[in-house]
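After the structure tokens below, expect a handful of questions from me.
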Amino acid sequence: MFSYRHAFHAGNHADVLKHMVLIAILRHMTQKDTGFTVIDTHAGAGLYRLDGDYADTSGESADGIVKLFSALAPARTSDAAIKDVAPIIQDYMEAIAAFNPDGRLKIYPGSPFIVQSELRQEARDKLKLFETHPTDSKALAANIAQLQAGRQVAAARQDGFEGLKAFLPPPSRRALVLIDPSYEIKTDYQKVATCIQDSLKRFATGTYAVWYPVIPRPEAHDLPKRLKTLSNQAGKPWIHATLAIGQDEERNVSGDEEKRGHGLTASGMFVINPPHSLKPALAAALPQLLQVLGRGRGKSQALESGG
Ligand code: SAM
């Protein structure tokens with residue numbers, strides 16, 4: 001039950017999509033003065049070393065953030081693989097670069113640190129984190145303590161699906177909820193759908209961002225369909241973005257690797273009540289991400305919206 005460790009996957013293509021969307025939403029939310037609450041139901045450890053043992057074992061960041069940086073970081077020089085890098089990719093790369101001030105990619109921030117770096121003291125934005133893994137919740141608490149963020153950030157070793165309920169609706173009536181389970185157990189898919197249904201009843205105007213893996217499993221296939229139905233029933237707009245980097249033609253992924261998530265080639269972000277700027281921003285960014293991260297058979301990107 002406790003085998004998933006995000007450290008193996010930090011900075012992979014799925015994190016790139018997820019965290020780019022997260023930053024794009026937050027940058028929109030901070031344009032209004034009123035404070036807001038971010039609830040991260042599945043927080044992970046918060047901060048990862050890209051040169052550490054876990055990341056070395058899997059090397060997944062090589063097909064994600066590392067590739068993106070080597071292709072696009074020289075964006076202001078003629079060496080860049082793409083001219084006119086989409087603004088939300090630039091924002092994402094700048095946010096990651098801020099954690100690596102010497103210019104070498106050694107640290108990858110997870111969602112708690114990415115979110116915290118966007119929050120405003122003066123507006124009293126708040127971050128609530130949930131993480132159940134014994135080791136990761138300890139690491140998260142230690143990492144958060146170093147921020148000395150005081151009451152701005154609170155972390156609990158508690159089930160995020162349950163813990164979320166106490167924070168909806170938030171006092172300021174502004175909130176972003178990130179739901180990012182590991183989907184190790186297939187009941188997670190059902191729990192996400194139930195959580196969204198319940199949350200929309202508690203707080204219909206909140207922004208909900210759900211990450212999910214695109215894998216050949218009926219529950220994974222059905223999840224975005226269920227989220228569309230739930231959003232449409234609640235009369236709320238939604239955006240659904242997917243990025244598939246395609247097969248690694250040079251590497252045979254073993255069954256065991258596949259189980260641990262190393263074989264993951266595609267993922268999606270489903271956002272309910274997205275900021276209006278998100279769709280055009282993603283329309284510009286997704287083809288560029290594919291151009292840089294796409295590697296073989298099955299590579300694709302897609303963007304749809306409704307409501
Ligand atoms: N959101 C993180 C990020 O973007 O950096 C990554 C999270 S990782 C995909 C999922 C995490 O959820 C794992 O660390 C796992 O231990 C944790 N987890 C699993 N079930 C949980 C639950 N019911 N409530 C809270 N955390 C849970």
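The values are calculated or read from the model by the stated rules, or taken from the named source; none is laboratory data. Not measured: the values here are computed from a predicted model. We place every Cβ from the backbone using ideal geometry, glycine too, and count neighbours over all the protein chains shown. All accessible areas refer to the heavy atoms of the entire protein, side chains included, with ligands and DNA or RNA removed. Shrake-Rupley method; radii C 1.70, N 1.55, O 1.52, S 1.80 Å.
Out of the range 112-126, which residues are surrounded by 23 or more Cβ atoms within 10 Å (Cβ to Cβ) and either among the hydrophobic types (A, V, I, L, M, F, W, C) or touching a helix residue (DSSP H, G or I) at 6+ places or on another chain (Cβ under 6 Å) (or both)?
Phe113, Ile114, Val115
Name the pairs: first residue in the range 1-14 and part of a helix (DSSP H, G or I) and at pLDDT 75 or above, second residue more than 9 Å from the ligand (Cβ to nearest atom) and of a type in the set (Ser, Thr, Tyr), Cβ to Cβ under 6 Å, at least 6 apart or on different chains?
Ala7/Tyr54; Phe8/Tyr54; Phe8/Ser58; Ala14/Ser267
Collect the residues in the range 120-139 that are within 16 Å of the ligand (Cβ to nearest atom) and either of a type in the set (A, V, I, L, M, F, W, C) or within 24 Å of Leu286 (Cα to Cα) (or both), keeping them in residue-number order.
Leu127, Leu129, Phe130, Ala139
Starting from the range 155-172, keep only residues that are farther than 19 Å from Ala45 by Cα and among the basic types (Lys, Arg), then list their pairs with residues that are more than 8 Å from the ligand (Cβ to nearest atom) and open to solvent by 20 Å² or more (accessible area, probe 1.4 Å) whose Cβ atoms are within a distance under 9 Å, requiring at least 6 positions of separation or different chains.
Partner pairs satisfying both residue conditions: Lys165/Asp198; Lys165/Arg202.
Report the residue count in the range 174-189 for those that are loosely packed, with under 14 Cβ neighbours inside 10 Å and free of Cβ contacts under 8 Å to residues at least 40 places away in the same chain.
2
Any idea which of Arg49, Arg76 is touching a Lys or Arg at 6+ places or on another chain (Cβ under 8 Å) and either at pLDDT below 95 or among the hydrophobic types (A, V, I, L, M, F, W, C) (or both)?
Arg49
Given the condition assigned to a helix (DSSP H, G or I), away from the ligand (no atom under 16 Å from the Cβ) and open to solvent by 60 Å² or more (accessible area, probe 1.4 Å), answer yes or no: does some residue in the range 233-244 qualify?
Yes - at least one qualifying residue is present in the range 233-244.
I would also like to ask the following. Taking the range 1-45 only, how many residues are within 11 Å of the ligand (Cβ to nearest atom), among the small types (Gly, Ala, Ser) and within 13 Å of the chain's Cα centre (by Cα)?
Residues that pass the stated criteria total 5.
Return the total of residues in the range 164-221 being on the phi > 0 side of the Ramachandran plot and under 17 Å from the mean Cα position of the chain (by Cα).
Count: 1.
Looking at the range 89-119, which of its residues are within 9 Å of the ligand (Cβ to nearest atom) and either in a loop (DSSP other than H, G, I, E, B) or without any contact (Cβ under 8 Å) to a residue 12 or more places away in the chain (or both)?
Matches in the range 89-119: Gly110 only.
Still on this structure: Can you report the number of residues in the range 156-202 which are within 14 Å of the ligand (Cβ to nearest atom) and assigned to a loop (DSSP other than H, G, I, E, B)?
10
For Val210, work out the one condition from (1) under 19 Å from Leu17 (Cβ atoms); (2) open to solvent by 10 Å² or more (accessible area, probe 1.4 Å); (3) not acidic (Asp, Glu); (4) not in a helix (DSSP H, G or I) it doesn't fulfil.
(2)
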